[in-house]
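Beneath this line is the structure, given in structure tokens, with notes to follow.
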Amino acid sequence: MSQHRVHCVLVDGVSADERGERLVWGVVSDLDLIRATVADDGALTARAIATTEALTVDSDDDLGAVGAALGEHACSHAVVVEGERPVGVVSTLDPAIAIAPCLADAGTSPISSIAR
């Protein structure tokens, strides 16, 4: 992950329940890796440490709504889907990057607006 400068990767798998089998995704973040390394029990696999039931958002969703969903679910990454197919990942940095120019245009830097 560090080599490619990404903070998370998707892990796919198959879940079976009373409705049958379905493809599911989990997210492994840089923080998940740190936690797993500290608590190393000898079975470090991506599937074992992935956050399952990943938050999904539609590729057409408004970035503000996506930011609100990330906050509501207290997570830092969401899987972007088109239909049932994952096409990317959005993180809490993405809404922040999107609003930074608006704050700069208003004459307020993001740091000064939150640091007191």
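The values are calculated or read from the model by the stated rules, or taken from the named source; none is laboratory data. From a predicted model like this one, the values you see are computed outputs, not experimental measurements. Don't worry about glycine lacking a Cβ; one is built from the backbone with ideal geometry, like all the others, and counts go over all protein chains shown.
From the set of residues in the range 78-94 that are of a type outside the set (A, V, I, L, M), without any contact (Cβ under 8 Å) to a residue 60 or more places away in the chain and closer than 20 Å to LEU31 by Cα, which is surrounded by the most Cβ atoms within 10 Å (Cβ to Cβ)?
Checking each candidate, the answer is ASP94.
May I ask you to list pairs of residues, at least six apart or on different chains, whose Cβ atoms are under 9 Å apart, with the first in the range 63-77 being in the same structural domain as ILE97 (by TED's automatic domain parsing) and free of Cβ contacts under 8 Å to residues at least 24 places away in the same chain and the second being of a type outside the set (S, T, N, Q) and exposed (fewer than 14 other Cβ atoms within 10 Å of the Cβ)?
Within 9 Å, no pair qualifies.
Which pairs do you get when a residue that is closer than 13 Å to ILE49 by Cα, found in the range 1-26, comes within reach of a residue that is of a type in the set (Gly, Ala, Ser) and in a strand (DSSP E or B), reach meaning Cβ atoms under 6 angstrom, with the pair 6+ apart or on two chains?
CYS8/SER29; VAL11/GLY26
Across the range 59-77, which residue is modelled with the lowest pLDDT among those that are crowded, with 18+ Cβ neighbours inside 10 Å and in a helix (DSSP H, G or I)?
Per the criteria, the residue is GLY67.
Say whether the condition of being outside the structural domain of ILE97 (by TED's automatic domain parsing) and assigned to a loop (DSSP other than H, G, I, E, B) is met by at least one residue in the range 16-38.
yes
Regarding the range 84-95, can at least one residue be identified that is in contact with a Phe, Trp or Tyr (Cβ under 7 Å, 6 or more places away or on another chain) and either of a type outside the set (Phe, Trp, Tyr) or assigned to a loop (DSSP other than H, G, I, E, B) (or both)?
yes
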